[in-house]
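I have a structure here, written as structure tokens, and I will follow up with some questions on it.
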Amino acid sequence: MLALILLLALATPFLPLQDPNATATAERFARPLSPDHLLGTDHLGRDLLARLVHGTRLSLAMGLAAALLAAVLGSILGIVAGFLGGRADNLIMRGIDMLMGFPYVLLALAIVAALGPGLVNALIAVAAVNMPFFARNIRGVTVALAGREFVDAARLSGMGNLRIMAVEILPNVLPVIVIALTTTTGWMILETAGLSFLGLGSQPPQADLGSMLGEARAALISHPHVAVVPGVMIFLVVMSINLFGDGVRDALDPRLGAGAPTRPLPATVVDRTGPPPPSQAGHGALLAIDDLRTEFRIGRRVLPAAGGVSLSLGRGEALGLVGESGSGKSVTALSVMRLVASPPGVIAGGTVRLDDTEVLDAPLRILRGLRGRRVAYVFQDPQGTLHPLYRIGEQLTEAIRAHQPMSLQAARARAIELLRDVRMPRPEDRIDDYPHQLSGGQRQRVGIAMALANDPDVIMADEPTTALDVTVQAQILALLDQLRRERGLAILFITHDFGVVAQLCERLAVMYAGRIVEEGPTAEVLAAPAHPYTRRLIACVPAPGAGRRRLETIPGLPPPLDALPPGCAFAPRCHRARPACSDGEVVLRRTGMRAVRCLYPEAAA
Amino acid sequence: MGGYILRRLIAAVPVLLGITVIVFLVMSLIPGDPATAILGAYATPENVEKLNRDLGLDRPMVERYVIWLGNMLQGDFGRSFSRNRPVIDEVAERFSATLVLAGTSFVLCAFFGIIAGVISAVRQYGFADRLITFAVLVGISVPPFFLGMIMILVFAVHLRWLPVSGMYAIYGGGDLADLLRHLVMPALALAAVAAGVVARLARSAMLEVLRQDHIRTARAKGLPERRVILGHALRSAMVSIIPVLGLQAGFVLSGAVYIETVFQWPGVGRMLVDAILTRDLMLVQGGVVLVAAAYVLFNIAVDVAQALLDPRIKT
Ligand code: SF4
């Protein structure tokens with residue numbers, strides 16, 4: 001489309017058109033499709049098609065010239081300001097700010113007023129008005145560049161400022177200039193056309209699309225086609241330029257284009273194939289996760305973050321779920337209430353049962369009733385997980401009232417009570433604070449208070465202490481433990497820290513590459529880990545009080561989830577690996593309370 | 001908060017001064033002799049000289065600027081020779097008409113822009129999103145003056161629903177209902193572009209916010225989805241939407257120049273264009289300064305709104 005219009009504009013002089021300025025009063029306002037005039041004629045009987053083509057050419061030329069002028073001037077100012085910094089920068093940017101303080105067209109009007117109406121003057125006005133936009137953008141990029149090594153290197157090699165700006169900076173800011181240019185050209189064509197429309201741009205008999213529209217306004221009601229023809233043309237030109245601009249921007253700046261952020265749906269998509277697996281935990285478990293398969297589908301890639309996880313949690317029980325980051329422990333916990341960001345997350349298989357009732361296929365309304373009321377979450381980073389613009393009191397009462405209809409006052413009283421329960425000092429004062437006014441530990445207490453708001457049965461604590469410093473960590477852990485004993489809460493405690501697990505949980509499960517590799521009573525597993533991975537992981541933890549003992553690290557990295565090795569996923573890093581390990585699926589074998597997914601478990605097991 | 005507003009007002013003083021300087025400089029770009037311009041080509045030299053002295057044009061530039069500024073501070077913006085009345089009266093009258101139009105448009109563009117952006121984000125890549133994205137592209141590509149003309153053709157001429165132009169009916173009009181009937185089309189035509197820009201931004205701001213952890217927290221609390229979107233996500237997104245609304249006010253005010261011409265709305269934009277065409281420079285000068293000053297004040301209001309919304313901003 002754009003190409004077509006450009007071609008048309010370029011080819012204009014060679015086309016067999018009638019003279020755009022030849023008047024023929026006898027043929028005034030001929031309708032479109034009349035024999036001599038394809039698009040009809042205007043109030044002076046001039047051929048509209050010819051005028052349209054010439055007008056388009058003129059409008060395009062004006063818009064592009066204005067855009068280029070603005071880009072060149074703006075870029076020079078921007079680069080100079082950004083590169084020199086200091087006083088020059090200050091002076092230039094102050095001036096730019098002033099210019100931007102005007103409502104757009106007002107400044108253009110003032111300039112036209114001073115210079116007098118006319119095509120060139122309109123062009124200058126539009127360019128001047130748009131120049132600050134370029135200057136600002138380019139300055140921003142230049143400032144970032146000016147501090148980079150290659151600029152320093154150029155300076156040391158004795159290059160003058162002018163040369164550095166031209167040789168080192170300019171090529172690097174060029175993409176930004178091009179983006180700004182393509183995204184604003186359409187706008188500038190509109191503006192120059194606008195000034196012409198007002199009678200301040202091109203003067204008769206010369207006509208661009210804007211002045212054609214302006215002249216047609218007088219006869220708008222009796223002869224609308226005279227206005228519609230140039231109007232549609234401006235629209236098409238600007239729209240195709242805008243589309244082109246979007247395309248260029250996407251190509252040069254992928255962040256904004258195809259890689260644009262996707263927003264998560266209210267609940268993770270469930271797309272299960274095959275029948276739900278039978279529960280292994282048997283009846284009576286409070287929460288039973290069976291063969292849970294949660295994957296991330298990114299383009300063609302499928303990353304199985306949880307590759308068949310089974311876990312069960314009894315009433316009042318604390319289970320530690322341990323693993324390195326990326327092992328799938330958080331995804332497992334989030335899947336329970338379908339909170340995994342989706343897209344890209346999809347629950348592709350398995351079941352989650354709460355009191356023997358399947359929750360994954362529950363309608364959103366039911367699920368919402370369970371979230372927070374039966375299963376509550378405490379997340380890792382209390383800074384990001386509390387809403388920054390609401391007082392913590394508002395966030396707490398909101399959580400309460402989501403499940404327990406009560407008056408605001410009652411909810412507020414309850415919120416204060418909750419804060420007291422989590423040992424928040426002076427809860428009556430704190431309740432009207434914003435999250436950013438609290439310390440990290442206090443924020444996490446609020447997070448816990450919020451999770452407790454509706455007396456849930458299960459709390460999913462996803463690394464609740466990782467972001468906190470050590471003493472606060474201990475306090476929060478003690479608090480969670482105490483609350484669990486007082487209230488009979490079941491806690492799924494997600495962490496990478498065995499020390500935390502030892503303190504809090506009776507049972508633990510270890511995850512690696514999306515699967516459980518070992519499970520058992522905490523004391524037994526810690527004393528005699530059966531899986532080589534568990535053993536290595538425990539060896540990584542400094543014994544309490546051991547000071548700065550050198551940590552043993554596990555050589556190698558976890559495998560990428562979309563390229564898991566066949567058989568045991570740990571095999572590439574395992575010191576006990578034998579060929580059989582990679583032959584086929586290694587199953588989780590249970591013996592009594594313990595389970596391990598390994599062909600050659602450590603001797604002690 | 002009071003102190004914050006005061007400090008913002010004080011900080012605006014240099015900006016306002018800067019604006020007067022720019023206007024003054026631009027106006028002194030005028031080629032030729034303004035007195036000749038005013039009196040016409042057939043003026044006698046004595047008359048030109050006298051007018052020059054009356055206008056103070058024989059003095060040095062800095063002095064002229066200071067005098068001009070001093071007069072403005074006392075509320076004297078000069079006389080409009082084409083209207084034959086003080087500039088300030090003319091501008092005040094015209095500006096109130098523009099405020100009605102631009103104010104309505106601004107509210108419309110903010111309202112529809114944000115709603116469209118939110119829907120677009122929530123239904124990302126869905127039918128509604130595609131529809132809105134397309135509508136936005138059309139909205140920001142169509143010249144506002146052409147849109148206005150099309151609306152006149154369709155709604156006033158063809159369907160006869162609304163009056164063609166003006167602010168009040170000439171006979172028997174003058175009440176609020178009459179004003180509203182006249183206001184609908186220009187306000188919508190004027191809002192279209194800005195609404196498109198706002199919708200685009202609101203969409204990307206919402207997409208950005210919806211990915212944040214506190215949205216997951218809100219969902220984990222079991223809040224209804226509507227509350228998550230409108231209460232939590234939109235509130236955060238507003239932090240980045242509001243500054244753009246401030247910018248849009250500038251666009252709306254600018255677009256008013258065209259729309260007032262198309263709909264014969266007796267606003268300040270049309271006044272400026274007429275003043276330029278009749279070379280009534282006093283009127284142009286005074287009008288530009290006053291409107292720009294109003295815009296600066298409006299932007300302070302936007303900042304204050306921002307500070308009220310976001311407790312993290314130091315006030
Ligand atoms: S199955 Fe083999 S490779 Fe895997 S952990 Fe056990 S010994 Fe190591």
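Taking the alpha carbon gyration tensor of region B:96-279, what are the square roots of 5 times its eigenvalues, largest first, to the nearest whole Å?
36, 16, 15
Roughly speaking, what % of Cα-Cα pairs in region A:63-255 are separated by over 24 Å, rounded to a whole number?
Roughly 48 percent, once rounded to a whole number.
Could I ask something else about it? Among B:113-123, A:479-489, A:557-567, A:509-519, how do they line up from the highest to the lowest mean number of other beta-carbon atoms within 10 Å?
A:509-519, B:113-123, A:479-489, A:557-567
Out of the total accessible area of region B:86-220 (probe 1.4 Å, heavy atoms of protein only), what percent is carbon and sulfur?
That share works out to 70 percent.
A further question on this structure: From the Cα trace of chain B, what convex hull volume per residue do you get, rounded to a whole Å³?
182 Å³
Could you grab the relative contact order for chain B? Cα pairs under 8 Å, six or more apart, rounded to a whole percent.
Reported as a whole number, the value is 27 percent.
Also, quick follow-up: Pulled fully out, how much extra length does the chain show between A:ASN172 and A:THR262, if you take 0.36 nm times their separation in residues and subtract their Cα-Cα distance?
Going from the current span to full extension adds 29.5 nm.
With +1 assigned to the C-beta of every Lys and Arg and -1 to the C-beta of every Asp and Glu, and no other charges, what is the dipole magnitude of region B:96-279 about the Cα centre in debye, to the nearest 20?
Using Cβ point charges on Lys, Arg, Asp and Glu, region B:96-279 gives about 680 debye.
Another one. Taking beta carbons within 10 Å but only from partner chains, what does the mean come to for residues A:391-402?
2
Another one. If you scale each eigenvalue of the Cα gyration tensor by 5 and take the root, what three semi-axes come out for the protein assembly as shown, rounded to whole angstrom and sorted largest first?
66, 31, 29
To the nearest 0.05, what FRET efficiency results for A:ASP481 and B:ILE5 with a Förster distance of 45 Å applied to their C-beta separation?
That pair, A:ASP481 with B:ILE5, gives E of 0.35.
Between A:ALA509 and residues 5 or more places away or on another chain, which pairs have amide H atoms under 5 Å apart, with H built 1.01 Å from N, and which residues are they?
A:GLY320, A:LEU321, A:VAL322
Taking all pairs of different Cα atoms in region A:297-360, averaging 1/r and flipping that mean, what Kirkwood radius in angstroms comes out?
Across region A:297-360, the inverse of the average 1/r is 13.0 Å.
Let me spell out the model: positive unit charges on the Cβ of Lys and Arg, negative unit charges on the Cβ of Asp and Glu, origin at the Cα centre of chain B. What dipole size does that give, in debye rounded to 20?
1500 debye
Among B:MET72, A:HIS387, A:ILE177, whose Cα projects farthest towards the positive end of the dipole of the protein assembly as shown, with charges put on the beta-carbon of Lys, Arg (+1) and Asp, Glu (-1)?
Farthest towards the positive pole: A:HIS387.
While we're here: Restricting to the protein assembly as shown, what percent of DSSP beta bridges are antiparallel, rounded to 5?
Rounded to the nearest five, the antiparallel share is 60 percent.
Quick one: order B:TRP68, A:TRP187, B:TRP265, B:TRP161 from most to least accessible surface, probe 1.4 Å.
So, going from the largest accessible area down, we get B:TRP161, A:TRP187, B:TRP68, B:TRP265.
Counting Lys +1, Arg +1, Asp -1, Glu -1, what net charge surrounds B:VAL122 among other residues with beta carbon under 12 Å of its beta carbon?
It works out to a net charge of +2.
What distance in nm separates the simple spin-label points at A:ARG420 and A:LEU588, each placed 7 Å from Cα in the Cβ direction?
4.3 nm
Now for a different question. Using a 1.4 Å probe, what is the accessible area per residue for the protein assembly as shown, in Å²?
Solvent-accessible surface per residue comes out at 43 Å².
Between B:PRO144, B:GLY117, B:THR104, whose Cα lies farthest towards the positive end of the dipole of region B:92-228 when Lys and Arg beta carbons carry +1 and Asp and Glu beta carbons carry -1, centred on the Cα centre?
B:GLY117
While we're on this one: Which whole-number value in Å³ per residue fits the convex hull of the alpha carbons of region A:271-428?
Cα-based convex hull of region A:271-428, divided per residue, equals 152 Å³.
Using only alpha carbon pairs under 8 Å that are at least six residues apart, calculate the relative contact order of chain A and give it in whole percent.
Computed value for chain A: 10 percent relative contact order.
Heavy-atom accessible area of A:ILE177 with all protein chains present, probe 1.4 Å, nearest 10 Å²?
Near enough 20 Å² of accessible area.
Here's a follow-up. At 1.4 Å probe size, with no ligands or nucleic acids counted, give the accessible surface of A:CYS568 in Å², nearest ten.
30 Å²
Using only protein heavy atoms and a 1.4 angstrom probe, determine the accessible area buried between B and A, summed over both sides, in Å² to the nearest 100.
Its buried surface, counting both partners, is about 6700 Å².
Based solely on its DSSP helices, what 222 nm [θ] is calculated for the protein assembly as shown when runs of n ≥ 4 H residues each add -39,500 (n - 2.57) and the sum is averaged over all residues, nearest 500 deg cm²/dmol?
-18000 deg cm²/dmol
Going by amide H atoms built from the backbone, whose H comes under 5 Å of the H on A:ARG594, apart from near neighbours?
Sorted by chain and number, the residues that satisfy this come to none at all.
Within region A:285-334, which trypsin sites (Lys or Arg not before Pro) sit in a loop by DSSP and count at most 15 neighbouring Cβ atoms inside 10 Å?
Taking region A:285-334 and a limit of 15 other Cβ atoms within 10 Å, the loop trypsin sites (Lys or Arg not before Pro) found are A:ARG300, A:ARG315.
Say each of B:LEU179 and A:VAL248 gets a label point 7 Å from the Cα, pointing the same way as Cα to Cβ; how far apart are those two points in nm?
4.5 nm
Under a crude label model (7 Å from the Cα following the beta-carbon direction), how far is B:TRP161 from B:VAL138 in nanometres?
Output for this residue pair reads 1.5 nm.
In chain A, carbon and sulfur make up what percent of the accessible area (probe 1.4 Å)?
Roughly 60 percent of what the probe reaches on chain A is carbon or sulfur.
Let me ask something additional. With +1 on each Lys and Arg Cβ and -1 on each Asp and Glu Cβ, and nothing else charged, work out how big the dipole of the protein assembly as shown is about its Cα centre, in Debye to the nearest 20.
1960 debye
With Cβ to Cβ distances under 9 Å as the rule, what net charge do the other residues near A:GLY567 carry (K, R +1; D, E -1)?
Neighbour charge sum, excluding A:GLY567 itself: -2.
Putting +1 on Lys and Arg Cβ atoms and -1 on Asp and Glu Cβ atoms, find which of A:ALA135, A:LEU106, A:ILE221 reaches farthest to the positive end of the dipole of region A:63-255.
So the residue furthest toward the plus end is A:ALA135.
The values are calculated or read from the model by the stated rules, or taken from the named source; none is laboratory data. Quick caveat: nothing in here was measured; it's all calculated off a predicted structure. Methodologically, a virtual Cβ is constructed for each residue, glycine included, from the backbone with ideal geometry; neighbour enumeration extends over all protein chains shown. Side chains included, ligands, DNA and RNA excluded: accessible areas come from the protein's heavy atoms. Shrake-Rupley method; radii C 1.70, N 1.55, O 1.52, S 1.80 Å.
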